[in-house]
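Encoded as structure tokens, the structure appears first; notes follow it.
The values are calculated or read from the model by the stated rules, or taken from the named source; none is laboratory data. Note that the structure is predicted; figures quoted are calculated from it, not measured. Cβ placement follows ideal geometry from the backbone for every residue including glycine, while neighbour counts extend to all protein chains displayed. SASA here: full protein model, heavy atoms, side chains in, ligands and nucleic acids out. Shrake-Rupley method; radii C 1.70, N 1.55, O 1.52, S 1.80 Å.
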Amino acid sequence: MSSLVTSETIRDVAVITVDNPPVNALSPEVQTKLEALVDAALAAPAIRGLVLAGANNTFIAGVDIKELQKLAQRKPTLLKELHPLLNRLEASTKPVVCALSGVTLGGGLELALACHYRMASPSARVGLPEVKLGLIPGAGGTQRLPRLIGLVAAAELCATGQQIDATAAQQAGLVDELVTGELRAAAIDQALKMAASGQPPRQTSATQDRLGTLAEHTEALSKLRARMARQGRGASAPLKAIEAVEASATLSFPDGLRREADLFRACLQSSESAASMHVFFGERTVAKIPGLPQETQTYTLRQAAVIGAGTMGGGIVMTCLDAGIPVVLKEIDSARLERGLDVIRRNYAEAVKKGRLTDGQMQQRLALLEPTTSYEQIGKAEIVIEAVFENMALKKQVFREIDAAAAPDAILASNTSTLDIDALAAETRRPERVIGNHFFSPANLMRLLEIVRGRKTSHEVIATCMALARRLRKIGVLVGNCHGFVGNRMFGPFLREAQYLAEEGASITEIDETLVQFGMAMGVFTVEDLAGIDVGWRVRQENPHWLPEGYRKYRAADRLAEMGRHGQKTGAGWYRYEPGRRTPIPDPRVEEIIAQCATAGGIVRRKVPPQEILDRMMYALVNEGARILEDGIALRAVDIDIIYVNGYGFPAHRGGPMFYADTLGLPKVLERIQEFERQHGFWWKPAPLLEQLAKAGRKFCDMEAKHG
Ligand code: COA
């Protein structure tokens, strides 16, 4: 049990160390103890200065978010305002130096800003990530930071929530000094030096020279606002953060703090903060798998092999290389292999051109890649990831081949996005070592990895793939085996409703704009154009019974595919595209085709209100999500939310589809779904789980996890 905060006197300096593993969060207990020890040091005549530091190789990662969550949910918390402590530190005549190592975030940085001098180790990182929790800094950060680094730089940090490294922080004026040697000793020296100078310590709140006036920065701030409005996709916290920072230039420090407090409260009371905190904890909860003992052994993965150098295979290869994992890349012939390699090389060269990678880093990555057209080399891999075309017969054949060629204890993973993992496992002599690793395109950039457990997949293989996800800097979510797993199974009804709505009279643009207004990263038809309309068309061609009995048929997508309108890659799909451009342009020809399909299907077209578009799109997700929970395909509602936020562009500030439904109230959602069932057909039958929860006044996110 850690002592939370300790104080020791070294050469007349009180060194106060926060020790609340893992990240030294400022819990109510830490706050109380810190305050008591600071007050004691300030009052002790023999103490000439203070040093604030953190144990666990980090300073302070902010106020305890669990307590903030209670505040957001209006539950009681013992969390205290940080202002009194910060004001006392700042007003102290004894110098207060803080020693920043590891991360210094949120309330931790606000504490540092109130100190008189900030020293950091070169590997330290700092930031005010509150916007990612739907909040703004609430302990003076928006008022002190601009006084140190200027209005625009502070607005940028507060609005984006981005972390910067110690060098950038020093260049900006946030950190006073970088220390390559022993940080704590250097901080003690600095405190003594400042005490000996006889000068009163500099107070950040009284510093004005970097601040400037609002008028001087109007243009830069309005550009930032426009960027945040676009990137934030409807999130209000980034805009409120800019507003609070602006107040530092127009109001006195105390009035600025009051303005910050008002804006902070408004954020806290919004559903945005509750949703964002749900996502923060959710992204960590998904790593915890009920029924998987903590001590489960994981296998060491030193070498991977990827089968197939297409778009997905190439992206998976880059993901592994980026994480320092050597990869054997196998294709069936050298022409395909060369094409795939060329894309990988070009992508890396582009990253170098954009300054995201150095030439040396690119060379290091490429040196880990071993291309081949023979199965022989995969024998040394501890994991083989199959990424061939989405076709069951082909995948079965590949699984037989890799089972024969791979080491007997290697894990065989399929990157299938829909197909039955058990059917693939049955082709091998090691079903317990077969698993789905469903990456999302572009695989090297998207954070989600759906990890699909088959009936026989062993605990060790699951734990190894969850650990691999972390190593690849992805969020691994364990799901069960069914057609489309979680993400794509829900995407089916979502896409179906979009097509029904289009036939009923909503334009492609109206549907997409409604989704973008809601905060989705892209409209559904834009996504389809990106993915390729021919993909679904081919699946439907292979399976004439793709739509269950009795469902209303929709044909426009097939018509487009048959006309060669396969999406962006052919310059036309649901939209048209100028050569070399990616901007979707509405195409009256498409609306004509949809109208013809509607007439052929006997559909009377009408003006569809935006609210109906939104409700049908969202509730199609929610109803299928409820069935997925019933079936035990997702462990918890939050797993579905994390999949949708990280793999399908669902806005984090709405918490994911299941949290969104909870926010609206399940009785309301149920009522609307029942209405759709009456109006449109049996495919809107409410999921029994939704009915039960709505009746019981419960929520999806309150449910217990299902054990696998
Ligand atoms: N309050 C409470 N708990 C916190 C926390 C905070 N400010 N920051 C992190 N944690 C918890 C996490 O929930 C996790 O708990 P778990 O192990 O029970 O799941 C644990 O600390 C480790 O965090 P994790 O994110 O898994 O570790 P990491 O090393 O990848 O990242 C951080 C560490 C600090 C960079 C990251 O956790 C982070 O960004 N935290 C948020 C900081 C923040 O927003 N602060 C502003 C609040 S004012």
Heavy-atom accessible area order for 459, 278, largest first, 1.4 Å probe: 459, 278
Theoretical ellipticity at 222 nm over the chain - DSSP helices of four or more residues, -39500 (n - 2.57) apiece, nearest 500: -15000 deg cm²/dmol
Neighbourhood net charge (11 Å Cβ-Cβ; Lys/Arg +1, Asp/Glu -1) for residue 472: +4
14 Å reach of a label modelled at residue 361, 7 Å along Cα-to-Cβ, counting backbone N of the range 309-333: 319, 321-324
Paramagnetic label zone (point 7 Å from Cα along Cα-to-C-beta, residue 582; backbone N under 18 Å) in the range 447-488: 447-448
Set of lysines near residue 607 by C-alpha distance (under 22 Å), chain-local residues within fewer than 8 positions excluded: 553
Simple spin-label estimate for residue 404 and residue 380 in nanometres, 7 Å along Cα-Cβ: 2.3
Paramagnetic label zone (point 7 Å from Cα along Cα-to-C-beta, residue 549; backbone N under 19 Å) in the range 675-698: 681-685
Fully extended contour minus Cα-Cα distance, from residue 631 to residue 429, at 0.36 nm per residue: 69.9 nm
Accessible area in the full protein assembly, largest first, 1.4 Å probe, for 418, 9, 104: 9, 418, 104
Residue 591/residue 3 FRET efficiency (R0 51 Å; Cβ-Cβ; nearest 0.05): 0.15
Over the range 304-485, relative contact order from alpha-carbon pairs under 8 Å, at least 6 apart, %: 21
Point-charge dipole on Cβ atoms (K/R +1, D/E -1) for the chain, about Cα centre, debye to 20: 200
Cα gyration tensor, the chain - rounded (a/c under 1.5), prolate or oblate: prolate
Full-stretch length increase - residue 269, residue 473 - with 0.36 nm per residue and alpha-carbon distance subtracted: 70.2 nm
Unmatched cysteines, the chain - criterion: no other Cβ of a Cys under 4.7 angstrom: 158, 267, 320, 465, 482, 597, 701
Using alpha-carbon coordinates, inclination of helix 459-471 to the longest axis of the chain, degrees: 60
Å² per residue, accessible surface of the chain at 1.4 Å: 42
Folded to 0 to 90 degrees: helix 218-232 orientation relative to the chain principal axis, Cα: 40
Point-to-point label distance, residue 32-residue 441, nm (Cα→Cβ direction, 7 Å offset): 5.6
Residue 311 accessible area, 1.4 Å probe, all protein chains in place, Å² to nearest 10: 120
The range 666-701-the range 519-551 distance, computed between alpha-carbon centres (Å): 25
Given charges at Cβ of Lys, Arg, Asp, Glu: the chain dipole, positive-most of 273, 379, 580: 273
Inter-probe distance in nm under a simple model that places probes 7 Å from Cα toward Cβ, at residue 614 and residue 558: 3.4
Calculated FRET efficiency for the pair residue 44/residue 668, C-beta based, R₀ 56 Å, to 0.05: 0.40
Estimated FRET transfer efficiency (residue 455, residue 197; beta-carbon r; R0 51 Å; 0.05): 0.10
Listed residues 240, 569 arranged by accessible area, highest first, probe 1.4 Å: 569, 240
Extension reserve of the residue 182-residue 300 stretch, reckoned as 0.36 nm per residue once the Cα distance is removed: 39.0 nm
Helix 392-405 vs. the chain, principal-axis angle (Cα, 0 to 90°, nearest 10): 70
Surface share of carbon and sulfur [accessible, 1.4 angstrom probe, percent] for the range 5-269: 54
